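Take a look at the structure set out below.
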Amino acid sequence: MLNIKKNLNKVIIKSEYSRHYPDPLNKNLEGDKLDIEHHVLVSRAIDVPSGISKAPNPREQHTDKGIYKKVRESLGDSTDLSFHLKNKGITILAHRVEYSADKKVATVYLGEGDGIADGGHTYEIILEAQSEEECPEGQYVKFEIITGVPSGMSVDITGGLNTAVQVDDASLMNLDNKFEWVKEILEKTPYAGQISYKQNADGKFDIREILGFMTLFNVNKFPYPQHPKEAYVSKARCLNLYKADSSSFEMLSPILKDILYLHDYVHIKSRERYNQAKNVGKEENAKGGKAGAMVGVYAKKERCHDFIFMQQKDKYKLYDGVLYPMLGAMRFLVEQKPGEDVYSWKLKSFDEVKSFFDEIAPELVTTTYNMSVRYGYKPNPIGKDDTHWDNLYKTVALKFMTKYSSKR
């Protein structure tokens with residue numbers, strides 16, 4: 001029986017040649033009966049319609065990359081009309097397809113989530129060529145339209161198809177709605193639109209970086225004496241940690257916005273608090289007022305760095321190899337209170353967390369600068385040094401226990 005859906009969008013595709021055939025999986029005798037069909041159309045590129053949804057496609061289309069410039073050149077070459085033989089074409093997931101009597105026109109019905117699953121770049125290149133009147137009439141493109149695909153198979157099909165330029169795992173996870181809880185928490189923040197969740201999308205940060213910041217505070221995955229160096233060393237490892245156990249990351253949901261704010265706060269306030277300190281150690285380099293001159297610790301930019309989580313700008317920022325151990329040390333302040341299934345701060349409020357950092361910042365900066373000197377002012381080895389991670393964590397722990405333990 002035909003599965004009728006409401007609110008279907010229609011796309012008209014003209015074709016010079018067309019055929020369709022059932023998928024071999026339909027003969028599967030186990031499980032639910034399948035009714036998957038393949039529709040192959042060969043259309044003039046100049047007739048390709050605009051407005052086809054790209055909902056299933058896990059990455060944004062950036063046609064200015066080298067490989068896509070060659071595709072555009074091939075399409076526009078009127079002396080070589082073999083574009084359809086050199087290009088994989090466009091694959092569409094759809095609800096159903098209906099043909100005109102002469103099979104020259106296909107009406108493609110798209111439901112929610114249907115559209116171009118592979119060939120999004122080819123599609124955009126063709127539309128660009130049409131708009132610039134650089135699409136020869138003799139060039140063709142192949143469409144493959146797959147209908148009847150169960151919703152649970154769509155992500156796997158899309159991932160398998162997108163191999164010409166490898167789709168990263170984060171893009172596929174986004175397609176499978178694995179980051180919806182993050183989006184919901186951040187949707188009303190001023191920086192929500194600056195977080196990218198799929199390949200090639202514009203954004204100040206991508207989801208792998210956000211997962212990296214969360215990894216720094218995931219006390220379930222990194223109980224002391226382990227330290228979350230993965231956050232600095234490899235975004236891919238953080239993504240794999242999330243894939244293996246997303247629930248431990250979701251436990252950070254009540255303080256996720258705090259963590260992101262703290263990311264910027266540590267960048268900006270570590271220098272400010274150090275500079276305000278009168279004397280935080282015996283060494284000459286440990287005196288206040290010189291943080292910006294600390295080679296290997298702070299990077300200076302004349303036009304200012306943009307700190308989107310605090311909505312501020314500053315000429316100075318910590319190098320990543322310096323930031324991550326410092327920010328990661330603050331995970332000592334995270335706990336899972338008895339009877340709760342989420343993480344929260346050990347202190348009463350996030351304002352207290354910030355105040356705590358204000359007090360401890362000069363000592364963290366001093367320890368970090370001493371490490372920078374040891375490594376010849378190179379920040380990268382600082383971020384990989386186990387002893388440095390441990391020293392900063394112990395500094396935070398000792399400060400907390402000295403100041404608060406008797407009050408708890």
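The values are calculated or read from the model by the stated rules, or taken from the named source; none is laboratory data. The structure presented is a predicted model; accordingly, all values stated were derived computationally and were not measured. Please note: Cβ atoms are built from the backbone with ideal geometry, for glycine as well, and neighbour counts cover all protein chains shown. When the accessible area is computed, the model is the full protein with side chains, heavy atoms only, and any ligands, DNA or RNA have been set aside. Shrake-Rupley method; radii C 1.70, N 1.55, O 1.52, S 1.80 Å.
Annotations
- Filter result for the condition that a residue is among the acidic types (Asp, Glu), farther than 22 Å from Gly113 by Cα and in contact with a strand residue (DSSP E or B) (Cβ under 9 Å, 6 or more places away or on another chain), over Glu37, Glu16: Glu16
- Unmet requirement for Ile360, which otherwise passes all of (1) within 18 Å of Ala231 (Cα to Cα); (2) open to solvent by less than 30 Å² (accessible area, probe 1.4 Å): (1)
- Residue list for the stretch 221-243, filter: of a type outside the set (Lys, Arg) and open to solvent by 80 Å² or more (accessible area, probe 1.4 Å): Tyr224, Pro225, Gln226, Asn240
- Among the residues of the stretch 203-218, those that are crowded, with 24+ Cβ neighbours inside 10 Å and in contact with a Ser or Thr (Cβ under 8 Å, 6 or more places away or on another chain) comprise Ile207, Asn218.
- Residue that is modelled with the lowest pLDDT [pool: residues in the stretch 170-194 that are surrounded by 14 or more Cβ atoms within 10 Å (Cβ to Cβ) and in a loop (DSSP other than H, G, I, E, B)]: Asp176
- Against the test of being modelled with pLDDT of 90 or more, closer than 19 Å to Ala201 by Cα, among the β-branched types (Val, Ile, Thr) and open to solvent by less than 60 Å² (accessible area, probe 1.4 Å), the options Ile125, Ile92 yield a single qualifying residue, Ile125.
- Flag if Ser246 is in contact with a strand residue (DSSP E or B) (Cβ under 7 Å, 6 or more places away or on another chain) and either surrounded by fewer than 23 Cβ atoms within 10 Å (Cβ to Cβ) or of a type in the set (Ser, Thr, Tyr) (or both): no
- Residues satisfying the criterion are absent from the stretch 352-375 (criterion: within 30 Å of the chain's Cα centre (by Cα), not small (Gly, Ala, Ser) and not in a helix (DSSP H, G or I)).
- The residue that is surrounded by the fewest Cβ atoms within 10 Å (Cβ to Cβ), counting only those in the stretch 293-314 that are at pLDDT 95 or above and either acidic (Asp, Glu) or not in a strand (DSSP E or B) (or both), is Gln311.
- Selection of helices (runs of 4 or more DSSP H) fully inside the stretch 195-275 by the criterion of at least 3 residues being closer than 24 Å to Tyr369 by Cβ and in contact (Cβ under 8 Å) with a residue 40 or more places away in the chain returns 230-233.
- Failed item, numbered, when Leu398 is tested on (1) open to solvent by 10 Å² or more (accessible area, probe 1.4 Å); (2) in contact (Cβ under 8 Å) with a residue 12 or more places away in the chain: (2)
- Whichever residue in the stretch 95-121 is more than 28 Å from the chain's Cα centre (by Cα) and either assigned to a helix (DSSP H, G or I) or among the acidic types (Asp, Glu) (or both) and, among such residues, is modelled with the lowest pLDDT: Asp102
- Apart from one condition, Pro338 fits all of (1) open to solvent by less than 20 Å² (accessible area, probe 1.4 Å); (2) part of a loop (DSSP other than H, G, I, E, B); (3) farther than 16 Å from Leu256 by Cα; the exception is (1).
- Condition check for Met326: touching a residue at least 40 places away in the same chain (Cβ under 8 Å), open to solvent by 10 Å² or more (accessible area, probe 1.4 Å) and within 21 Å of Leu364 (Cβ to Cβ): no
- Test: residue in the stretch 341-350 that is in contact (Cβ under 8 Å) with a residue 60 or more places away in the chain, within 24 Å of Ile255 (Cα to Cα) and more than 32 Å from the chain's Cα centre (by Cα): no
- Considering (1) modelled with pLDDT of 70 or more; (2) open to solvent by 50 Å² or more (accessible area, probe 1.4 Å); (3) under 30 Å from Ala236 (Cβ atoms); (4) assigned to a loop (DSSP other than H, G, I, E, B), the lone condition that Met153 does not fulfil carries the number (4).
- Considering the stretch 128-138, the residues that are outside any helix (DSSP H, G or I) and modelled with pLDDT of 90 or more include one that is surrounded by the fewest Cβ atoms within 10 Å (Cβ to Cβ), namely Glu137.
- Residues located in the stretch 29-87, provided they are of a type in the set (S, T, N, Q), within 32 Å of the chain's Cα centre (by Cα) and at pLDDT below 85: Asn57, Gln61, Thr63
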